[in-house]
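Everything on this sheet refers to the single structure shown next.
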Amino acid sequence: MKYTIAIAGVLLAVGIFLLIYNLKFAEGRRHKLVIIVSSVFGAIAAASVLYAVFADISAKEDKEKYDVHGGMLNTVRYIKTENDLYIFHQSELLSTGSYIAVPKADVQLPALTAVYPYVMIYTPERLERYDAEFSVGKGQVWTNVVKIVPEHIGFAVLTVIFSLLVIFIYNLIVFIRTLVERGKAESGKKNNKEMFL
């Protein structure tokens, strides 16, 4: 964990250096694109953090009323829809996990599962369920689910990492191109001075 934090810190420092260098030395269209790309993906990262904060506040309030299945440590992943059931896989520590199915008629699946399949399933304290066989294996059908929401913390973390990675890679490319062009310009000036001597 400490190595991950150290690597993230180094990448962040290098990323900030690249951004400052590009803002100072990149010219014309490239300078504008550095501003646009960094601003857009920076805004996406900030919006993801805000989403996670507000979703977490809402989740804490809901946890007082319902049992919540899923989260960062006990993941519930949407697999597919089959026979009017949403099929999920719930991971469990030191186990292969289990399959859960929720009738489509009871709740709506979040649209976000198309790109991020991890969810949290809210149920009353008295969970109504029965055993069933699915195409993926044996599991249980939960018939009194209150709602299904995206797992917000993991989604926010992935979105922030993706956004910062885009900013880092784009600024690295611009940095290399700007450095090469500045080197050529410097050597051109040097050659011109030698011609006049």
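Assorted remarks:
- Evaluated at q = 0.17 Å⁻¹: base-10 log I(q)/I(0), Debye formula over Cα of segment 115-177: -0.77
- Helix-only mean residue ellipticity at 222 nm for the chain, each DSSP H run of n ≥ 4 adding -39500 (n - 2.57), per residue, nearest 500: -19500 deg cm²/dmol
- Over segment 74-182, all Cα pairs binned in 10 Å intervals from 0 give whole-percent P(r) values of 13, 36, 23, 11, 9, 6, 2, listed from short to long.
- FRET efficiency estimate (nearest 0.05) - Cβ-Cβ, Lys138 to Ala111, R0 35 angstrom: 0.75
- Kirkwood Rh, angstrom, segment 43-96 [1 / mean 1/r, Cα pairs]: 13.6
- Between Lys147 and Tyr122, the built amide H atoms are under 5 Å apart, and every one of these is 5 or more places off in sequence or on another chain.
- Sites Val180 and Leu11 - FRET efficiency at Förster radius 30 Å, r taken between beta-carbons, to 0.05: 0.85
- For segment 88-148, the Kirkwood hydrodynamic radius from C-alpha pairs, put into Stokes-Einstein at 37 °C and a viscosity of 0.692 mPa s, yields a diffusion coefficient of 262 µm² per second.
- The label point for Lys65 and the one for Val40, both projected 7 Å from the Cα toward the Cβ, are 3.9 nm apart.
- Residue-wise HN-Hα couplings along segment 146-153, as the Karplus relation 6.51 cos²θ - 1.76 cosθ + 1.60 with θ = phi - 60° gives them from phi, are 7, 6, 10, 10, x, 6, 6, 5 Hz; Gly and Pro carry x.
- Sorted into 10 angstrom bins from 0, the C-alpha pair distances of segment 53-131 split as 16, 50, 31, 2 percent.
- Area of Arg77 that stays accessible when all protein chains are in place (1.4 Å probe, Å², to 10): 90
- Rounded accessible area of Met72 (nearest 10 Å², 1.4 Å probe): 110
- In order along segment 13-19, phi translates into HN-Hα couplings of 4, 5, x, 5, 4, 4, 4 Hz, rounded to whole numbers, per the Karplus curve 6.51 cos²θ - 1.76 cosθ + 1.60 with θ = phi - 60° and x for Gly and Pro.
- HN-Hα J in Hz across segment 72-81 - Karplus 6.51, -1.76, 1.60, θ = phi - 60°, x for Gly and Pro: 5, 8, 10, 6, 10, 10, 5, 9, 6, 9
- Nearest-10 value in Å² for the accessible area of Phe134, using the 1.4 Å probe: 10
- Extents of segment 1-135, largest first, come to 65, 33, 33 Å (Cα atoms, principal axes, whole angstrom).
- Taken as Cα centroids, segment 51-126 and segment 7-43 sit 37 Å apart, rounded to the nearest whole angstrom.
The values are calculated or read from the model by the stated rules, or taken from the named source; none is laboratory data. Since we're looking at a predicted model, the values are computed, not measured. Virtual Cβ from ideal backbone geometry, glycine too; neighbours counted across all protein chains shown. Just so you know, the surface numbers come from the protein's heavy atoms only, side chains and all, with ligands and any DNA or RNA stripped out. Shrake-Rupley method; radii C 1.70, N 1.55, O 1.52, S 1.80 Å.
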